[in-house]
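See structure below.
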Amino acid sequence: MELGAEAWQRQLRRLRARIARSAFLALDMEFTGLHSACPRGDERSLFDSPAKRYAKARQSVQRFAVAQLGLAIFSNDASNKYVVHSYNFFLFPSTLGLPDVEFALSASSVEFLSRHGFDYNKFLKDGIPYMNQAQEKVLRQHLFEGSLKVSSGLDRNVLKKAIDEVTCWIAAAEEDESMILHDLSGWQMLQVQLVLREALQNVWTQPVGDKKVMVLKVSLQRRWLLENSRYDWCKKEFILTSARGFTNLFLTLVKVKKPLVGHNMLTDLMHLHEKFYKPLPESYEEFKRNIHNLFPVLIDTKTVTKSIWKKYQLPRVSNLLETYEVLCSSNLNSKDPSCPVIALARDCSRYAKKKSPHEAGYDAFLCGSVLLKAAHLLLCRSTDVALEAGPSFSQYLAALAKYLNKVNFIRGAVRSVNFSGEDTSCHRPPALVVRVCGWPGMNEMHVYKEFKALCRFDVRRLSRDQFILLTSKFKHMRLVLQDYKHHPHLQVSVYHHWRHSPSVSCLLQVSGVVALWSLLAFVLGGATRCS
């Protein structure tokens, strides 16, 4: 089901109720871009520690917007049956009373989403607003100080036209007469009402249907009564609630503390923090603590399936849809009567008929389904006794215990980011050191291109004529050592810290000089005493 700003308020209460009754939630996002344009040295690298990668990703998250958020709500209505309500939310940064929000568009991301059917008109024209706590604080201050400003030039023109119409009409209007202002968007309807009420003490306004506002000429006494009525949608708290938009649902997700499932979800979590909670902190450890407080149970299906694929030698896959199809195949667990049955709800049944990869709601549905299938496979393979009835979700969580809160870390110094503890280093091939002889002007890019045809390495300069190579595959390390054994200009060997580190070499050289001077002083001192 697709939801934009127009239908948002009508669905919010129902969404909250479904989330409260759910077993778990699966989430996916689409962005206006993924990675900021940067020199090669700033790209993702096997040399990256989690803190360094976080610092790189933080810059990109701050530049790009969330265009679409998919949320799949999995409810366990029967022993092994899960009913799924899957939603696509089009989002757009809140503009009411805030400094104009700027975000970047990546050409490759725009092209990619367009190729997969993304509707940019819905994103731009019907996106649900959102804001974080810092932005809400600014808006709250403007509201209660009466200093709310219109940031959009288009909105200013709309306001001017509305004020001109009302000013011309009210001069001749009788008390209790009304007029209708047409063709106003959601925020324009609110802004027009606030400006008219501020400027004219003898009018009252209220929305009537879509894109319309009724202006009523009233006495000062009736105006006071209306201002103090319970259901005035221009009250400050109502305005704040409307301006928060999707952030209201984010607060519900935080409140219920349901397990949150994603696929390669580190970037998603960073956007959740930045867009709906608080601006991302500089400290990587603070970010981890904040996310763990918000969502105590995280499950990354990439972390789970990487382990399962290696353990059970399953067919090779390259994306989430292929992963789902392998786990649903007949030779795994689909013929098992205790296997979870996953059914899309009637009002969200589109995905039962049509595959829609890279649509956030569909990917969220796939993500939750992969989790259930993978958890069932783990549970079945961990015992020799057949499962007579459908396992409970708590049993699945127990089978997944070692993967909880471990979010996949793509191509870096650790396999996963542990949001509930210390990150642990991954086992990978030792580094190689390349010494360049008789090949002047070599830099990191030249070395990278030299080895790129053979296999993939990340390169970092060690000294003037030495470079370190890192790979994630042992076979690549062995291949390079063998092929470059007799190379005339490149001497490749396994890196040893005490032998190759420039700091250690410098320390040894200084120690050698100090030892030499000490020996010389000792000899000269002994010679002086002898004479």
Glu30 vs. criteria of a type outside the set (Val, Ile, Thr), open to solvent by 50 Å² or more (accessible area, probe 1.4 Å) and on the phi < 0 side of the Ramachandran plot: no
Of the listed residues (Leu194, Leu148, Leu154, Leu159), the one being open to solvent by less than 20 Å² (accessible area, probe 1.4 Å), modelled with pLDDT under 85 and either under 30 Å from Phe89 (Cα atoms) or of a type in the set (Asp, Glu) (or both) is Leu159
For the range 217-242, how many residues are open to solvent by 40 Å² or more (accessible area, probe 1.4 Å), under 19 Å from Ile170 (Cα atoms) and of a type in the set (Val, Ile, Thr)? 0
Output the number of the condition that Ser229 fails; it satisfies all remaining conditions of (1) outside any helix (DSSP H, G or I); (2) under 30 Å from Phe276 (Cα atoms). (2)
Confirm whether Arg223 is modelled with pLDDT of 85 or more and among the charged types (D, E, K, R). yes
Boolean, Thr247 is within 19 Å of Ala360 (Cβ to Cβ), more than 14 Å from the chain's Cα centre (by Cα) and among the β-branched types (Val, Ile, Thr): yes
If we take the range 249-334, then helices (runs of 4 or more DSSP H) inside it with 1 or more residues that are within 26 Å of Ser382 (Cα to Cα) and modelled with pLDDT under 95 are 301-312, 320-327
Answer from Lys236, Lys257, Lys275 - the residue that is closer than 15 Å to Leu91 by Cα and in contact (Cβ under 8 Å) with a residue 24 or more places away in the chain: Lys275
Sort out which residues of the range 404-428 are open to solvent by 60 Å² or more (accessible area, probe 1.4 Å), farther than 14 Å from Lys473 by Cα and touching a Cys at 6+ places or on another chain (Cβ under 7 Å), and write them in order of number. none
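Of all residues in the range 456-483, count the ones that are over 13 Å from Pro430 (Cα atoms) and either modelled with pLDDT of 90 or more or not in a loop (DSSP other than H, G, I, E, B) (or both). Please lay out each step first, then the result.
Quick first cut of the range 456-483, residues over 13 Å from Pro430 (Cα atoms) only: 456, 459-467, 479, 482-483.
Within this subset, residues satisfying the condition of being either modelled with pLDDT of 90 or more or not in a loop (DSSP other than H, G, I, E, B) (or both) are 459-463, 466-467, 479, 482-483.
Summing the residues that are over 13 Å from Pro430 (Cα atoms) and either modelled with pLDDT of 90 or more or not in a loop (DSSP other than H, G, I, E, B) (or both) in the range 456-483 gives 10.
Quick check on the range 285-309: of everything there that is hydroxyl-bearing (Ser, Thr, Tyr) and crowded, with 20+ Cβ neighbours inside 10 Å, which residue is nearest to Phe409 (Cα to Cα)?
Step by step, filter the range 285-309, then rank; the result is Thr303.
The values are calculated or read from the model by the stated rules, or taken from the named source; none is laboratory data. No experiment lies behind these values; they were computed from the predicted model shown. Ideal geometry is used to build each Cβ from the backbone, glycine not excepted, and the neighbour counts take in all protein chains shown. Note: areas computed on protein heavy atoms with side chains; ligands, DNA, RNA excluded. Shrake-Rupley method; radii C 1.70, N 1.55, O 1.52, S 1.80 Å.
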